[in-house]
Amino acid sequence: MRNLDFQKLVPAYVQGFESYQPSKPDPELMKAYGVDHLHRLNNNENALGPPPEVSTIVEKFPVKNVPVYPSGDCFYLRQKLAAFYGKTPDRFLIGNGSCEVISSVIKAFCEEGDNIITADRTFAVYEWVAEFSGFEARLIPLKNNRFDHRAMLDAMDENTKILFVCNPNNPTGTYWDTETMEAFLDEVDNRAIVVIDEAYFEYVEKEDYPDGMTLMERYPNVIVFRTFSKMYALAALRIGYLCGTADIVELVSRAHIVYSVNTLAQEAAVAALSNDGTFIRETLDMVGEAKKLLCGLFEERKLEYVCNEGNYLMVKVPLPDTLMYRMLMRKGIMVRTMTTFRFPNWIRVSLVQRPVMEAFCKAFVEVLDNR
């Protein structure tokens, strides 16, 4: 029997792609670093947990539903989203987290020789999915920690199919205001699809922040991404969605996997949208208090930091970010190293309840003073 020839079977763009390595489960990390607790400040999770309406759904989820396939097109959730946003159900497509809808959009619109355009320091999945699918990802440097709309427009050519704009941007928290976004969309002039990723839109209270759900009524090439993982704290259930024109959603659905969103996730998302807004207000208050505490510490220590919108901030540390990560882990604090985001020697910190933020500050100061 001949040898299995991966060089022949595997496309070059897959062979050259470096796979993402997730961290080990928390209990294994706690063993490795010799700690009896672990404060997760690495993934921008909402530490308040889901809204109470969701807790009820999870606690009472019937065992009899486990062997039954979920709704393949998330029927009731699309109905709920339609009522929530004042649109029709056929304008929503639900995915197993935002990562799946990113993949579906790229598969639906890109073919050999095409490219997508995004920033060089933003949510990396746009770039990853394009490249391991064999498409070019054109990465435009941030300008003052913001997406550079002019440079993105200049990078377009006849093979540009999608422009991804993370608004507000993860990890810098910067955003395009309404005027900038509209000017950008006017110049794109329907030559390509524009994805506005609003994963953190619930965290923005600024009056000049544009609402993609409104913009798409004037710009038919706009697709908006939103998620239940961040504000609504359903990260473990993996559920995100996109909204666009009915024609666009129908096209993307052709490249989308059905039955990928489980029943519990669908029901929990419906329940999350039933909250009266109290949960969001409580979360925003928690994040605001955490920002004041950490920014005050960084200013006192004369450290460069970036704190804008979202439930996270970044700080530049006077040692390698991977070393800072390990030293904080030994104190039960887990942060995100930012070298992979192309911010070497920076860490990103999720903003949670004050007692945990105080524990972070204490550990952070101890590491800096004893390094």
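Normalising by the residue count of the stretch 219-371, find the relative contact order in percent from Cα pairs under 8 Å and 6+ residues apart. Mind dumping the intermediate values first?
On the way: 160 pairs, mean separation 25.4, N = 153.
Across the stretch 219-371, relative contact order equals 17 percent.
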Quick one: which residues, 5+ away or cross-chain, put their amide H under 5 Å from the amide H of Ile333? H built at 1.01 Å from N. His39
Between Thr278 and Lys60, what FRET efficiency follows from the Cβ-Cβ distance if R0 is 22 Å, with the result rounded to 0.05? 0.55
If you roll a 1.4 Å probe over the heavy atoms of the protein chains, what accessible area per residue do you get for the chain, in Å²? 48
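Got the relative contact order for the chain handy, in percent, Cα pairs under 8 Å and 6 or more residues apart? Intermediate results must be reported in sequence, preceding the final value.
Values: 631 pairs, mean separation 86.3, N = 371.
Dividing the mean separation by the residue count of the chain yields 23 percent.
Nearest-5 percent of antiparallel DSSP beta bridges in the chain?
On the way: 18 of 37 bridges.
For the chain, the DSSP antiparallel bridge percentage is about 50.
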Given a 1.4 Å probe and every protein chain left where it sits, what share in percent of the accessible area of the stretch 235-340 is carbon and sulfur? 53
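Could you tell me what percent of the accessible area of the stretch 155-221 is made up of carbon and sulfur, with a 1.4 Å probe and every protein chain present? Walk me through the numbers on the way to the answer.
Working: 1060 of 2520 Å².
C and S fraction of accessible area: 42 percent.
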Label-point gap, in nm, between Asp157 and Gln7 - each point 7 angstrom along Cα→Cβ: 3.0
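The values are calculated or read from the model by the stated rules, or taken from the named source; none is laboratory data. All values reported here derive from a predicted model rather than from experimental measurement. We place every Cβ from the backbone using ideal geometry, glycine too, and count neighbours over all the protein chains shown. All accessible areas refer to the heavy atoms of the entire protein, side chains included, with ligands and DNA or RNA removed. Shrake-Rupley method; radii C 1.70, N 1.55, O 1.52, S 1.80 Å.
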